[in-house]
Amino acid sequence: MKLGNLSLGEFFAMAGGVLLGVSIFLPHTYEPRPQNRHANINGLKDGVFSIWEVHPIMRWFLLAGAVAPFILAYIVIREHELSWPRGEATAVVAIAVMGLIFYTGIIDRPGEPSGEIELDWSWYTAMGGGLAMLIGAAMRQSRSETRRKPPGVL
């Protein structure tokens, strides 16, 4: 195990994973507009809600995604041989996490009516955590060497 193998990319991705993981529990993700007395999330009208409270299934996928940079760091420290460039799987997970957060924040907001639900600051921190994971994974992937095969060889 060589901790010196970790680069800035891994640390950046791990910071993004921590930011995403913490953002899931922060209560300022969704807020029904107080001006509309009919706006509610899961039947609740007052207060601000976290991703953890609002999305009972998606929260587990986001938590699993937040762990991906730490798995990448473990692979780098242990110098495991992979059949794909290091950081590629973490980049795919980060894109999926950002897609889930974007979809539930912009396209299909929870609550009734969905147009009366406002995004609060922890939605942006969750998206920033996913972006940091993606940037860190891309930095690691650019440092990994890929073995190229000649044309026509499978």
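Ala138 meets each of the listed conditions (1) touching a residue at least 60 places away in the same chain (Cβ under 8 Å); (2) closer than 15 Å to Ile51 by Cβ apart from (2). Restricting attention to the range 16-31, the residues being in contact with a Lys or Arg (Cβ under 9 Å, 6 or more places away or on another chain) and either exposed (fewer than 12 other Cβ atoms within 10 Å of the Cβ) or part of a loop (DSSP other than H, G, I, E, B) (or both) number 0.
The set of residues in the range 23-47 that are under 16 Å from Ile101 (Cα atoms) and free of Cβ contacts under 8 Å to residues at least 40 places away in the same chain contains only Phe25. Criterion applied to Ile135, Ile117, Ile101, Ile95 was being under 27 Å from Ala39 (Cα atoms) and at pLDDT 90 or above, and the one residue passing it is Ile101.
Just one of (1) in contact with a Ser or Thr (Cβ under 7 Å, 6 or more places away or on another chain); (2) among the aliphatic types (A, V, I, L, M); (3) under 15 Å from Met133 (Cα atoms) fails for Ile51. It is (3).
Residues in the range 42-67 that are more than 10 Å from Ile24 (Cβ to Cβ) and basic (Lys, Arg): Lys45 alone. Determine, yes or no, whether Gly4 is out of contact with any Ser or Thr (no Cβ under 8 Å at 6 or more places or on another chain), within 28 Å of Pro69 (Cβ to Cβ) and without any contact (Cβ under 8 Å) to a residue 24 or more places away in the chain. Against the criterion (out of contact with any Ser or Thr (no Cβ under 8 Å at 6 or more places or on another chain), within 28 Å of Pro69 (Cβ to Cβ) and without any contact (Cβ under 8 Å) to a residue 24 or more places away in the chain), Gly4 qualifies. Selection of helices (runs of 4 or more DSSP H) fully inside the range 32-148 by the criterion of at least 3 residues being of a type in the set (S, T, N, Q) and either surrounded by fewer than 12 Cβ atoms within 10 Å (Cβ to Cβ) or within 17 Å of the chain's Cα centre (by Cα) (or both) returns 121-143. In the set (1) at pLDDT below 85; (2) out of contact with any Phe, Trp or Tyr (no Cβ under 8 Å at 6 or more places or on another chain); (3) of a type in the set (A, V, I, L, M), Met58 fails one condition alone, (1).
The values are calculated or read from the model by the stated rules, or taken from the named source; none is laboratory data. Since we're looking at a predicted model, the values are computed, not measured. Because the Cβ atoms are built from the backbone with ideal geometry, glycine has one as well, and the counts that use them run over all protein chains shown.
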